[in-house]
1. Which semi-axes, in whole Å and largest first, does the equivalent ellipsoid of segment 309-379 have when worked out from the alpha carbon gyration tensor as the square roots of 5 times its eigenvalues?
2. Would you kindly give the portion of the calculated P(r) for segment 108-260 that falls above 29 Å, as a percent of all Cα pairs?
3. So for segment 188-289, considering every pair of alpha-carbon atoms, how many percent are separated by more than 21 Å?
4. Check cross-link reach from residue 383 to the lysines: straight Cα distance under 21 Å, and skip same-chain residues fewer than eight apart.
5. With a Förster radius of 30 Å, plug the Cβ-Cβ distance of residue 440 and residue 32 into 1/(1 + (r/R0)^6) and report the FRET value to the nearest 0.05.
6. If the viscosity is 1.002 mPa s and the temperature 20 °C, what translational diffusion coefficient in µm²/s does Stokes-Einstein give for segment 228-344 when Rh comes from Kirkwood over Cα pairs?
7. Once label points are set 7 Å from the Cα along Cα→Cβ at both residue 68 and residue 381, what is their separation, rounded to one decimal in nm?
8. How much area per residue is accessible in the chain when the probe is 1.4 Å and only protein heavy atoms are counted (Å²)?
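The values are calculated or read from the model by the stated rules, or taken from the named source; none is laboratory data. From a predicted model like this one, the values you see are computed outputs, not experimental measurements. Don't worry about glycine lacking a Cβ; one is built from the backbone with ideal geometry, like all the others, and counts go over all protein chains shown. The accessibility values were calculated without ligands, DNA or RNA, using every heavy atom of the protein model including side chains. Shrake-Rupley method; radii C 1.70, N 1.55, O 1.52, S 1.80 Å.
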Amino acid sequence: MASKKSEHDASLDIEQIDKQHVFGTWSYQSEVSPTQVVSGDGVRFTDADGNEFLDFSGQLMCSNLGHSADKVADAVTEQVNEGAYFAPGYTTEPRARLGQKLAEVTPGNLSKTFFSTSGTEAVEAAIKIARMYTGKQKIISRYRSYHGATYGSISVTGDPRRLMAEPGIPGVIKAPDPYAYGSTLDPMESLEYIDEMLMLEGDTVAAVLVEPIVGSNGILVPPEEYLPRLKEITHEHDALLICDEVMAGFGRTGEWFGSDVFGVTPDIMTMAKGLSGAYVPLGATIVTEEIAEHFEDNMFCHGHTYAGHPVACAAGLAAVETYEEENLIEHASEVGEYLGTQLAELGDDHPSVGETRGVGLFRGIELTKDANGRAPFGQRKDKISKGSTVVDEVSSTAADNGVYVANMINTLIIAPPLPITKDEIDEAVAVLDEALEVSDEAMDN
């Protein structure tokens with residue numbers, strides 16, 4: 001058996017090889033310091049040095065099923081052995097069955113799906129479908145949003161990471177967000193702004209693209225009446241509503257989708273992440289029956305080599321069946337309420353917590369350096385700048401004590417795997433309680 005020292009040396013070797021030969025994402029490469037992970041089980045994962053972490057963010061808010069979904073792993077193995085790949089002109093049972101299953105679990109009359117390999121590709125497809133269907137080009141999206149990294153999806157992204165890719169694709173217009181804590185506009189006033197934008201743009205806007213609940217840009221939950229009214233506004237101006245469910249979908253909110261929280265059926269919905277539980281790369285773009293009918297006699301001018309990849313679809317089908325068979329949506333709703341209560345109490349104990357917010361197992365903790373005002377530690381510009389912030393230090397302190405929690409700009413993102421228990425939530429919150437002392441001590445007053 002290898003000694004602990006030799007195991008540590010081996011992990012350093014892998015990490016150094018990775019740093020030398022693999023790009024770290026969204027980063028200055030001089031600051032990249034990868035940690036080798038060797039295993040995952042349930043809501044926990046382990047690095048090469050034997051350190052175990054409770055995964056309180058579901059990695060990048062995508063490991064909805066946790067790290068030991070046997071049905072998904074078995075489905076992947078079975079499909080690889082039966083036939084790993086066939087061109088999209090052929091079909092396979094997993095692809096057909098997954099398309100049928102998504103028509104069942106999505107709201108309203110969403111009925112026909114294009115399968116891709118990621119959330120960003122799902123958004124690319126949604127943009128193209130909206131433009132082909134309406135014959136119009138412009139897309140309205142929002143400033144506090146993330147829709148992906150490819151050229152179309154980064155263009156509709158509001159997150160500052162878009163700046164290095166600009167000017168991007170033409171025809172994209174940004175609107176304000178329903179951000180009660182950090183905006184001068186009331187959330188419903190931001191809707192009036194979009195309404196006026198659509199009016200002033202004339203009949204040139206194909207779609208309004210939103211995350212029903214904003215994910216990595218702050219876990220922003222709009223008022224109950226926001227999304228229903230937004231759909232009315234888009235249709236009044238002959239535009240479509242696209243809901244990006246890549247992060248909020250598949251039980252994360254305690255409902256199947258974020259749109260379900262508000263009782264809305266979008267015209268187009270994008271999915272990824274929880275669609276396969278992140279076991280394999282898989283994205284999907286589903287449209288209503290009316291839009292699907294349009295392409296019966298109008299060319300659907302889009303495709304990928306890996307569209308409807310059999311292994312990916314087998315994983316997706318097994319993942320959706322796992323949500324159903326293990327009642328994970330209902331479980332997420334139940335423990336999600338508990339999580340919300342625990343985080344609210346945590347916020348009461350720490351002056352550096354400006355606000356806690358969210359739905360189900362989709363929660364955010366926004367920090368402030370001024371207990372009497374809204375003064376963030378992390379600024380939007382920090383997302384594309386060198387160095388670390390106080391928010392980074394809070395996350396790092398939590399990791400040092402065995403809890404992984406992602407952070408974006410000024411918000412800690414809490415999005416654990418759906419099977420998490422109340423005891424595991426208590427364990428993670430106790431670690432956050434200690435980590436938040438870092439931000440408390442860094443406050444201005």
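1. Those come to 36, 16, 6 Å.
2. In whole percent, the long-distance tail amounts to 9.
3. For segment 188-289, the share of Cα pairs beyond 21 Å comes to 34 percent.
4. The qualifying lysines are 19, 174, 369.
5. Efficiency at R0 = 30 Å is approximately 0.55.
6. Once the numbers are plugged in, D ends up at 134 µm²/s.
7. 4.7 nm
8. Value returned for the chain: 43 Å² of accessible area per residue.
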